[in-house]
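*Asks:* Sharing a structure, written as structure tokens. Questions coming.
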Amino acid sequence: MDRLLLIVSTLCFLAAVVRTIVALRAGIFRTGQFNFLAIGLGFIFQTAFLSIRGHALGRCPLTNLFEVFIFLAWSVALVYMLVGPAYRLSLMGAFTAPLVVLLQGFALIAPIDIRHPVKLPANPWLEFHASISIIAYGAFALACIAGVMYLVQERQLKTRQLHSIFYHLPPLTDLFAAITRLLWLGFGLYTLGIVSGFFTSRPLPRVQVVAAIGIWMLYAAILQGRHLRRLAPKRVAALCVIGFVAALTLLWGITFSAQTHPLP
Amino acid sequence: MNLFCVGLSHHTANVETRESFAGHAESDCILRRAGCAEALVLTTCNRVEVYGASEKRVSTDEIARCLAREIEKDAHQCAPAFYRYEGEKCVQHLFRVASGLDSMVVGETEILGQAKKAYESARASGAAGPWLHRLFQRAFHVAKQVRTRTEITRGSVSVGSVAVDLARKIFGQLSKRKVLVLGAGETSERTARALVSRGVTDLRVSNRSSDRARELAGLVGGQAIPFDDWRDECREIDILITSTSSEAPLLTPANLAPMLCDRIDRPLFIIDIAVPRDVDPRVNEMDGVYLYDIDSLQSVAEQSLALRRQQIAAAEAIIAEHVPDFVASISRGWNRVSRTAERSSVADSSPRTSEL
């Protein structure tokens with residue numbers, strides 16, 4: 001039942017992707033309500049899935065890589081629903097949906113939904129740490145998407161080859177402002193996630209702590225460079241993409257090692 | 001009732017011919033002189049057309065004579081330039097005209113406003129009745145659909161508006177942006193005016209001749225800057241329009257780099273409309289600098305036009321959906337009117353029968 005909800009959710013996001021591709025191929029792209037509605041519907045089904053899974057587990061559904069991917073996809077959709085319309089970045093939906101489809105599609109296809117043999121005890125600090133960190137990843141994902149949009153538009157302006165999509169992208173300065181806000185949001189949540197990790201009363205693997213602090217420092221450096229005007233917007237946008245890829249790799253590593261070497 | 005359109009446009013007549021027929025006859029005049037039931041004259045710089053509804057056929061020559069400035073002479077000489085569409089073809093033609101598909105610049109939206117104005121004027125004078133009302137209301141509806149469901153109006157197709165559109169794509173709102181006009185030529189004046197019309201309030205003008213700088217600054221509501229100070233201004237401004245007659249480039253990567261060090265997070269948009277160019281093309285490779293010369297602006301305008309042309313098929317498909325539907329609905333309306341007229345004529349004739 002819960003996987004069916006997830007499949008329906010993935011189909012909603014896929015509908016947004018297909019519509020975008022068809023519109024772009026026909027040279028007619030409209031930043032209408034369709035993408036927002038499709039993502040909204042997909043988000044509702046994601047939430048239902050996570051809720052059912054959470055009730056079954058008796059805790060926040062972040063016990064294996066499958067759930068982590070779905071929670072991450074949910075966080076991306078959540079931050080988009082909060083940020084996208086507010087910043088009038090409706091086209092961001094066209095960029096957000098493919099990422100969610102990739103995350104959920106991979107989670108559904110790959111054999112990573114491995115249930116723990118014993119029911120894990122509830123640990124509020126651990127659940128808070130894990131969930132807030134993944135929502136931070138959602139904000140970083142959106143910053144990455146805004147970064148891609150910035151780079152696409154920047155490239156078209158520099159080469160003077162303006163495609164249909166160019167006319168639907170938000171102005172460069174607006175995109176850069178959105179990137180900055182998303183970075184601050186993600187950074188704040190990530191900091192909270194790291195700090196709460198020290199209250200989980202579990203021994204933390206050194207490699208994971210070092211890698212997490214490395215990611216934190218990378219984003220701190222991007223924000224510092226932005227604040228001190230040492231980094232050009234184009235470089236900030238590119239670093240957002242690199243930062244998110246690094247963060248995603250770390251998330252994979254943490255979850256994978258937690259599954260292969262479960263802590264007592 | 002027969003719907004028809006008689007006219008000439010940039011497709012069939014040169015500007016001199018069009019001038020001979022433009023603005024000399026109002027809709028009510030056509031109504032009186034040509035004997036139509038309803039008439040509407042649509043006059044723009046690219047076309048003079050009469051849309052009419054009549055029970056009997058009104059000849060093209062008759063319409064041409066009504067439109068001509070010098071009766072007989074021009075109408076007779078220019079007869080080949082006139083086209084005529086009737087019934088379904090007339091409906092299709094108006095839908096294409098209102099949607100901007102028949103315009104010289106495909107997708108331009110000014111024609112829709114002109115058609116609305118012509119309709120209002122004909123309606124006010126009583127020259128447009130129920131048939132033209134239905135025809136034009138549907139044409140406005142179709143034009144709106146074409147505009148919203150296709151990209152036919154996307155992008156700008158003139159150099160000045162391309163520059164303004166690009167500025168808006170870089171900066172968003174232009175009201176708080178600072179603009180420097182370097183060289184007070186005619187093209188830079190036009191571009192500056194276009195920017196002012198989109199909300200720019202902080203505009204500075206610098207020219208070798210300070211009198212001309214003051215004159216242009218006065219015209220566009222800007223501020224004149226001594227020519228020796230323009231480099232200092234580059235640290236502050238967001239948009240630079242340059243069109244001096246300098247033989248050597250005024251801006252190169254070497255002399256621009258120090259000006260950019262304090263503004264790394266603020267883009268600089270340079271519109272170089274000078275020939276020879278005032279700005280070294282390598283400046284475009286610098287972070288945050290977007291340089292457009294006259295050729296690149298022209299190239300963007302052509303890309304927009306090409307994009308619009310790609311949309312013609314989609315627009316024609318929308319029109320093709322509406323034409324038969326409208327023709328069917330107007331035929332049903334005509335049949336109703338005919339039946340009512342027949343019934344009333346039978347009623348009128350009854351007493352006469354009884355008298356007999």
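*Asks:* Just the projected area, averaged over all directions, of the convex hull on the alpha carbon atoms of the protein assembly as shown: how many nm²? Don't skip to the end; give the middle numbers.
*Replies:* Details: hull surface 161.1 nm².
Mean shadow area of the hull around the Cα atoms is 40.3 nm².
*Asks:* Where in chain A are the DSSP H helices whose alpha-carbon span along the long axis reaches 20 Å or more and whose Kyte-Doolittle mean is at least 1.6? Mind showing how you got there, number by number?
*Replies:* Details: long enough: A:2-26 (36 Å, 1.68); A:34-57 (34 Å, 1.28); A:65-83 (26 Å, 2.31); A:92-109 (26 Å, 1.91); A:124-159 (52 Å, 0.79); A:172-197 (37 Å, 1.32); A:206-227 (31 Å, 0.94); A:233-260 (40 Å, 1.28).
What comes out of the filter, once short or polar helices are dropped, is A:2-26, A:65-83, A:92-109.
*Asks:* On a 21 Å Cα-Cα criterion, which of the cross-link pairs B:K56/B:K89; B:K144/B:K176; B:K144/B:K169 come out too long? Intermediate values should be presented prior to the final figure.
*Replies:* Details: B:K56/B:K89 18 Å; B:K144/B:K176 33 Å; B:K144/B:K169 25 Å.
Result: B:K144/B:K176; B:K144/B:K169 exceed 21 Å.
*Asks:* Treating the beta-carbon of each Lys and Arg as +1 and of each Asp and Glu as -1, no other charges, what is the dipole magnitude of the range B:133-218 about its Cα centre, to the nearest 20 debye? Mind dumping the intermediate values first?
*Replies:* Values: 18 positive and 7 negative charges, 97 e Å.
In total the dipole reaches around 460 debye.
*Asks:* While we're looking at this one, here's another question. Using a Förster radius of 60 Å, what is the FRET efficiency between A:M217 and B:S245 based on their Cβ-Cβ separation? Nearest 0.05, please.
*Replies:* Details: r = 53 Å, r/R0 = 0.89.
Result of the calculation: an efficiency of 0.65.
*Asks:* Same structure again: When you look at the Cβ of every residue in B:166-173, what mean number of other chain Cβ atoms sits within 10 Å? If you can, show how the numbers build up before the last one.
*Replies:* Details: counts 4, 1, 1, 11, 6, 4, 8, 3.
Neighbouring Cβ atoms belonging to other protein chains average 5 per residue here.
*Asks:* Modelling each spin label as a point 7 Å along the Cα-to-Cβ direction, I'd like the B:K116/B:R332 distance in nm, to one decimal.
*Replies:* With each label point 7 Å from Cα toward Cβ, the separation is 2.8 nm.
*Asks:* What is the distance, in nm, between label points placed 7 Å from the Cα along the Cα-to-Cβ direction at B:T109 and at A:V245?
*Replies:* 4.0 nm
*Asks:* So what's the net charge close to B:C45: Lys and Arg +1, Asp and Glu -1, counting the other residues with Cβ under 10 Å from its Cβ?
*Replies:* Working: positive: B:R18, B:R47; negative: B:E19, B:E110.
Result for the neighbourhood of B:C45: 0.
*Asks:* Towards the positive end of the charge dipole of the protein assembly as shown, with charges on Cβ (+1 Lys, Arg; -1 Asp, Glu), say which of B:L174, B:F95, A:I21 has the farthest Cα.
*Replies:* Result: A:I21, furthest along the dipole toward the positive end.
*Asks:* Compute the signed sum of charges (Lys and Arg +1, Asp and Glu -1) over the other residues within less than 11 Å, Cβ to Cβ, of B:A98.
*Replies:* Neighbour charge sum, excluding B:A98 itself: +4.
*Asks:* Right, here's the next one. What is the average number of partner chain Cβ atoms found within 10 Å of a Cβ in A:166-176? Don't skip to the end; give the middle numbers.
*Replies:* Numbers: counts 7, 7, 2, 1, 2, 8, 8, 10, 3, 1, 3.
Going residue by residue through A:166-176 and averaging, the value is 5.
*Asks:* Could you tell me the relative contact order of the range B:159-294? Use alpha-carbon pairs under 8 Å, at least six residues apart, and round to a whole percent. Could you put the intermediate results ahead of the total?
*Replies:* Numbers: 266 pairs, mean separation 31.0, N = 136.
Relative CO of the range B:159-294 lands at 23 percent.
*Asks:* Additional query: Select from B:L307, A:L82, B:S156 the residue farthest towards the positive end of the dipole of the protein assembly as shown; place +1 on Cβ of Lys and Arg, -1 on Cβ of Asp and Glu, and compute about the Cα centre.
*Replies:* Farthest towards the positive end: A:L82.
*Asks:* Also, I was wondering about something else. What does the charge dipole of the range B:159-294 about its Cα centre add up to, to the nearest 20 debye, if the Cβ of each Lys and Arg holds +1 and the Cβ of each Asp and Glu holds -1?
*Replies:* 460 debye
*Asks:* If contacts are Cα pairs under 8 angstrom and at least 6 residues apart, what is the relative contact order of chain A in percent?
*Replies:* Values: 321 pairs, mean separation 56.1, N = 264.
The value is 21 percent.
*Asks:* Something else about it: How do A:Y80, A:Y190 line up, fewest other C-beta atoms within 10 Å first?
*Replies:* Numbers: A:Y80 27, A:Y190 24.
Listed from fewest to most nearby Cβ atoms, that is A:Y190, A:Y80.
*Asks:* Per residue of B:265-273, count partner chain C-beta atoms within 10 Å of its C-beta, then hand back the mean as an integer. Let's see the in-between values first.
*Replies:* Details: counts 11, 4, 9, 0, 2, 0, 0, 0, 0.
Per residue, the number of nearby Cβ atoms from other chains is 3 on average.
*Asks:* Name the most mobile residue of B:I319, B:I330, B:I30, meaning the one with the largest mean-square fluctuation, in a Gaussian network model of chain B with Cα contacts below 10 Å.
*Replies:* Its mean-square fluctuation being the largest, the pick is B:I330.
*Asks:* I need to check one value: relative contact order of chain B, counting alpha carbon pairs closer than 8 Å and at least 6 residues apart, in percent. Don't skip to the answer; put the middle values down first.
*Replies:* Values: 588 pairs, mean separation 51.7, N = 356.
It comes to 15 percent, rounded to a whole number.
*Asks:* As an exercise, use a Förster radius of 45 Å and the Cβ-Cβ distance of B:R208 and B:R309 to find the FRET efficiency, rounded to the nearest 0.05.
*Replies:* Details: r = 42 Å, r/R0 = 0.93.
Using R0 = 45 Å, I get an efficiency of 0.60.
*Asks:* For a quick check: sort A:C240, B:C261, A:C60 by the number of other beta carbons within 10 angstrom, fewest at the front. Intermediate results must be reported in sequence, preceding the final value.
*Replies:* On the way: A:C240 28, B:C261 9, A:C60 20.
Least to most surrounded, the residues fall as B:C261, A:C60, A:C240.
*Asks:* Using unit Cβ charges (K, R positive; D, E negative) and no other charged atoms, how large, in debye to the nearest 20, is the dipole of the protein assembly as shown about its Cα centre? Don't skip to the end; give the middle numbers.
*Replies:* Details: 66 positive and 54 negative charges, 373 e Å.
Rounded to the nearest 20 debye, it is 1800 debye.
*Asks:* Relative to the longest principal axis of the C-alpha atoms of chain B, give the angle of the C-alpha long axis of helix B:210-220, reported between 0 and 90° and rounded to the nearest 10°.
*Replies:* Roughly 40 degrees, rounded to the nearest 10.
*Asks:* Which ordering of A:V152, B:V179 is given by a fewest-first count of other beta-carbon atoms within 10 Å? List each step's numbers first, then the result.
*Replies:* On the way: A:V152 17, B:V179 25.
Lowest to highest Cβ neighbour count: A:V152, B:V179.
*Asks:* Report the per residue volume, in Å³, of the convex hull enclosing the C-alpha atoms of chain B. Mind showing how you got there, number by number?
*Replies:* Working: hull volume 61.8 nm³, N = 356.
Enclosed volume per residue, from the Cα hull, is 174 Å³.
*Asks:* A further question follows. Can you give me the angle between helix B:312-355 and the longest principal axis of chain B, using Cα atoms only, in degrees from 0 to 90, rounded to the nearest 10?
*Replies:* That helix lies at roughly 30 degrees to the long axis.
*Asks:* Now for a different question. Taking the Cβ of B:T201 as the center, what net charge do the other residues with Cβ under 13 Å away carry, scoring Lys and Arg +1 and Asp and Glu -1? Walk me through the numbers on the way to the answer.
*Replies:* Numbers: positive: B:K176, B:R177, B:K178, B:R198, B:R204; negative: B:D202, B:D238.
Charge balance in the 13 Å sphere: +3.
*Asks:* Moving on. Calculated FRET efficiency, A:Y167 and B:E16, Cβ-Cβ r, R0 51 Å, to nearest 0.05?
*Replies:* Details: r = 38 Å, r/R0 = 0.74.
That gives a FRET efficiency of 0.85.
*Asks:* Between B:A317 and A:V210, what is the label-point separation in nm under the 7 Å Cα-to-beta-carbon projection?
*Replies:* The modelled label-to-label distance comes out at 5.9 nm.
*Asks:* So for chain A, taking the charge dipole from beta-carbon charges (+1 Lys/Arg, -1 Asp/Glu), which of A:A107, A:A232, A:F49 sits furthest toward the positive end?
*Replies:* A:A232
*Asks:* I want the antiparallel fraction of DSSP beta bridges within the protein assembly as shown, as a percent rounded to 5.
*Replies:* On the way: 18 of 40 bridges.
Bridges in the protein assembly as shown that DSSP calls antiparallel: roughly 45 percent.
Read-outs throughout are calculated quantities, based only on the coordinates presented, and are distinct from any laboratory measurement. It should be emphasised that the depicted structure is a prediction, and the values quoted were computed from it without experimental measurement. Quick reminder, even Gly has a Cβ in these numbers, built from the backbone with ideal geometry, and neighbours come from all protein chains shown.
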